[in-house]
Structures are given as structure tokens and as C-alpha cells.
1. Assess whether Arg110 counts as being assigned to a helix (DSSP H, G or I), out of contact with any Asp or Glu (no Cβ under 9 Å at 6 or more places or on another chain), modelled with pLDDT under 95 and of a type outside the set (A, V, I, L, M).
2. Regarding region 114-130, can at least one residue be identified that is surrounded by 10 or more Cβ atoms within 10 Å (Cβ to Cβ), outside any helix (DSSP H, G or I) and at pLDDT below 90?
Amino acid sequence: MRLRVTPEGPRSRVSLAEGCGSAWDHRGVSRPSPARPTSGPSVTGRAFVLGLVGVTMVISLAVPVRAWFGQRASLASLRSEVEAAQKRVADLKVQNQRWNDPSFIAAEARTRLHFVLPGEVGYVALGLPDDVAAAQATQPPPAPWFSSLWSSLRQADDLVTPVG
């Protein structure tokens, strides 16, 4: 870089040689620089563009990330449903094996359908089982309908306040 000195009376000016990005114009006269207020740090164009790119990236990634989390939750629920279905299939296979056994079928026919073998006498007990009868005996009988009607009329009369 070459410096060129041009004397001009009591002041001399120093400039960079031509082609080196000089702040001096071609005649060697300087341009007045605009006065900049020094009020503090301001956002430069580069910082603004960088912030804009950052915000754009966050916005553009928000939707796919939210969808990803939603798909993960859906996948977890589907996995639990598959496990429940597999357990149900295993239970049904065990139940199918039971129904393939003739002794199990005979026992179910006796209990559900009251079947008896030839030569046996079948008895059917009418009435309620002991535990249901005991539960009903401890509950008081419901009040007759006219007593509940009469009590509701009395409550309505008690709510009315005389004017005066």
C-alpha cells in the first residue's frame, strides 16, 4: 500500500494510492463524512438478517417437531393397543383349548343349562340366593308414593314467604 502526501498550505493530507479503496476522490479532496450520533448500540443489518433467519428456522421447524411428538404419542398408544390385542388373542386361545375338552363342555352344560345325566334327578331351587335375600332384608321398604308427594308439598309451602 502506497501513501501519497499532498501538501496544502498549513495542513497536509495523506491518502491511499489509487485503486486501494481510498476515501478520497480522484482529485485528492476528501468528502465530508456524515455525522453519526453515538446514542448507543443499534441493530445492524447483518444482525437483523441473522435474527430473521433464526425466527424463520424456528417457525419452519415448529410444525414438523409438533407432528413428530404427536406421532410418537400415537405410536405409543398403538403399541399398547397391539399388546392388549395380543393378550386377548392368547386368552381366547386358552378358552378355545378348554372348549375342546369334552369334560369342560359337560361341566358347563350342567351349570349353565341344568343338564343331568340319565338316571340323575335334577333339582332347581326357586327364589333368591342367600346373599341377595340378606341384602334385600337389610334395606327398608320404599315409602309409598303419596307420602313423598305430601312431603314435597309441605316443603313447597315452607319455601313460600308471605308478602307484607
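The values are calculated or read from the model by the stated rules, or taken from the named source; none is laboratory data. Computed from a prediction, not measured in an experiment: that's the story for all the values here. Note that each Cβ is placed from the backbone with ideal geometry, even for glycine, and that neighbours are counted across all protein chains shown.
1. Details: assigned to a helix (DSSP H, G or I): yes; out of contact with any Asp or Glu (no Cβ under 9 Å at 6 or more places or on another chain): yes; modelled with pLDDT under 95: yes; of a type outside the set (A, V, I, L, M): yes.
Considered against the rule, which asks whether it is assigned to a helix (DSSP H, G or I), out of contact with any Asp or Glu (no Cβ under 9 Å at 6 or more places or on another chain), modelled with pLDDT under 95 and of a type outside the set (A, V, I, L, M), Arg110 comes out as yes.
2. Yes, region 114-130 contains a residue that is surrounded by 10 or more Cβ atoms within 10 Å (Cβ to Cβ), outside any helix (DSSP H, G or I) and at pLDDT below 90.
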